Amino acid sequence: MPDRIMRAMDMPIIDHRGPEFARLTRRVLDGIKTIFKTANPVIIYPSSGTGAWEASLVNALSPGDHVLMYETGQFGTLWKNMAAKLGLVPVFIESDWRTGAKADVIEAKLREDKEHKIKAVCVLHNETSTGVVTDIAAIRRAMDRADHPALLLVDVVSSLACTDFRFDEWRVDVALTGPQKGLMLPPGMAILAVSPRAREANLSAKCGRYFWDWAPVFERNARGEFPYTPAPALIFGLKESLAMLEEEGLPNVFARHARLAEACRRAVTAMGLRMLAKNIKESSNTLTAVCLPDGFDSDAYLAHAQKTLELPLGPGLGDVKGKIFRIGHLGSLNELELLGALAGVEMTLTSFGVAVPLGAGLAAAETYLLQTAPGGLGQGR
Ligand code: PLP
């Protein structure tokens with residue numbers, strides 16, 4: 001979390017029903033539309049990404065509705081489990097946790113569904129458990145080709161404000177996120193962009209809901225209010241986060257993420273390790289999932305990295321537990337921070353007993369960062 005955001009949050013908590021807070025709320029709800037690339041309303045709940053999943057499902061759907069979901073990894077699986085618990089009928093496309101949701105497979109499933117029992121297609125833009133992305137524009141085109149009226153619900157928890165996402169252009173119906181990734185805030189909010197079609201579906205959607213019900217949230221958010229007690233400190237922080245993203249410029253934010261991600265991938269390859277993502281085109285710009293060689297337990301490696309260098313890496317989740325570790329490279333991050341993390345990975349892998357050529361990963365990352373440095377190689381003289 002940038003210091004600037006911490007300082008912006010370190011404020012006396014003003015009356016969340018007063019005029020000053022209403023002005024601030026309207027300003028951030030308007031400002032965040034640019035990040036989703038939408039002219040549609042964006043709403044906020046005090047919650048987390050899991051709450052945002054629930055809000056998207058219960059507001060747009062009715063018990064018994066079929067929802068087409070994709071096993072891109074642990075988070076795709078959890079969203080599917082939630083849908084089943086809420087009385088929806090997930091049509092789950094199983095996959096290998098190494099690739100994104102395939103547009104042609106989705107198209108075929110939609111074409112089979114002649115009675116239009118499938119009411120929504122739910123996909124993750126970036127599967128945080130695997131470091132694999134899905135081409136959302138391609139999913140939209142596949143839905144159009146199948147001429148299927150299902151809503152398109154997209155989880156952008158670990159992609160928004162890091163990777164290009166176009167809510168209006170790709171005709172997404174609900175995009176949902178939390179604050180703790182690209183927005184660089186502490187956790188504690190669920191943030192959703194909602195299309196007119198999703199709002200229309202909401203009018204007849206029968207899933208039980210009270211806290212999540214869009215109707216009062218839309219009504220009150222439009223006036224700069226909330227139907228419940230919001231988290232003012234996070235709204236203060238969000239104002240600062242939006243200012244920082246605007247100052248850097250979204251295209252530059254995306255380019256920074258892409259460059260640091262590529263440096264990380266080159267480092268991992270130079271270390272002689274395999275990435276979980278099967279195709280480079282589907283590799284995430286926000287995190288890299290790395291496979292440990294057979295015979296090594298990645299949970300034990302993580303504990304070792306934490307103990308020896310206090311290096312916090314992400315664990316393997318679900319099917320890949322104990323097999324992979326994840327290097328996060330999203331949000332507020334620069335070259336030196338990435339290189340520090342990569343040096344830590346090389347050192348701790350070596351001391352854990354994994355044979356990596358010490359320094360090779362760092363050299364590969366440094367070379368790439370120099371080659372792609374603004375102004376070009378050797379221009380600093
Ligand atoms: N979706 C994705 C892609 C995530 O990465 C996460 C959490 O990391 C979630 C949903 C769930 O969000 P939360 O843990 O904030 O409830």
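The values are calculated or read from the model by the stated rules, or taken from the named source; none is laboratory data. No experiment lies behind these values; they were computed from the predicted model shown. Methodologically, a virtual Cβ is constructed for each residue, glycine included, from the backbone with ideal geometry; neighbour enumeration extends over all protein chains shown. Only protein heavy atoms, including side chains, enter the accessible area calculation; ligands, DNA and RNA are left aside. Shrake-Rupley method; radii C 1.70, N 1.55, O 1.52, S 1.80 Å.
What the table shows:
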{"quantity": "Sole exception among (1) in a helix (DSSP H, G or I); (2) open to solvent by less than 40 Å² (accessible area, probe 1.4 Å) for Gly331, by number", "calculated": "(1)"}
{"quantity": "Residue in segment 348-366 that is outside any helix (DSSP H, G or I), under 30 Å from Phe165 (Cα atoms), out of contact with any Lys or Arg (no Cβ under 8 Å at 6 or more places or on another chain) and open to solvent by less than 40 Å² (accessible area, probe 1.4 Å) present", "calculated": "no"}
{"quantity": "Hits in segment 112-130 (condition: within 11 Å of the ligand (Cβ to nearest atom) and small (Gly, Ala, Ser))", "calculated": "Ser129"}
{"quantity": "Sole exception among (1) at pLDDT below 95; (2) buried (at least 18 other Cβ atoms within 10 Å of the Cβ) for Arg223, by number", "calculated": "(2)"}
{"quantity": "From the options Thr25, Thr72, residue that is open to solvent by less than 10 Å² (accessible area, probe 1.4 Å), away from the ligand (no atom under 16 Å from the Cβ) and touching a residue at least 60 places away in the same chain (Cβ under 8 Å)", "calculated": "Thr25"}
{"quantity": "Qualifying residue in segment 163-170 (condition: within 16 Å of the ligand (Cβ to nearest atom), farther than 14 Å from Lys37 by Cβ and assigned to a loop (DSSP other than H, G, I, E, B))", "calculated": "no"}
{"quantity": "Meets criteria (more than 30 Å from His329 (Cα to Cα) and part of a helix (DSSP H, G or I)) for Phe218", "calculated": "yes"}
{"quantity": "Enumeration of residues in segment 28-68 that are of a type in the set (D, E, K, R) and either open to solvent by less than 30 Å² (accessible area, probe 1.4 Å) or more than 16 Å from the ligand (Cβ to nearest atom) (or both)", "calculated": "Asp30, Lys33, Lys37, Asp65"}
{"quantity": "Considering residues of segment 81-110 that are within 21 Å of Phe211 (Cα to Cα) and in contact with a strand residue (DSSP E or B) (Cβ under 7 Å, 6 or more places away or on another chain) only, the residue nearest to the ligand (Cβ to nearest atom)", "calculated": "Ala83"}
{"quantity": "Boolean, Gly322 is within 22 Å of Gln74 (Cβ to Cβ) and either open to solvent by 10 Å² or more (accessible area, probe 1.4 Å) or of a type in the set (Ser, Thr, Tyr) (or both)", "calculated": "yes"}
{"quantity": "Residue check, Ala146 surrounded by fewer than 17 Cβ atoms within 10 Å (Cβ to Cβ) and more than 13 Å from the ligand (Cβ to nearest atom)", "calculated": "no"}
{"quantity": "Residue count, segment 297-318 (criterion: crowded, with 16+ Cβ neighbours inside 10 Å and either more than 22 Å from Asn81 (Cβ to Cβ) or modelled with pLDDT under 95 (or both))", "calculated": "8"}
{"quantity": "Candidates Pro196, Pro187 - the one that is modelled with pLDDT of 95 or more, open to solvent by 50 Å² or more (accessible area, probe 1.4 Å) and within 14 Å of the ligand (Cβ to nearest atom)", "calculated": "Pro187"}
{"quantity": "Residue match in segment 178-197 (condition: among the hydroxyl-bearing types (Ser, Thr, Tyr) and free of Cβ contacts under 8 Å to residues at least 12 places away in the same chain)", "calculated": "no"}
{"quantity": "Number of the exception - Asn202 against (1) within 12 Å of the ligand (Cβ to nearest atom); (2) open to solvent by less than 50 Å² (accessible area, probe 1.4 Å)", "calculated": "(1)"}
{"quantity": "Residues satisfying the stated conditions in segment 145-165, i.e. on the phi > 0 side of the Ramachandran plot and in contact with a helix residue (DSSP H, G or I) (Cβ under 8 Å, 6 or more places away or on another chain)", "calculated": "Ala161"}
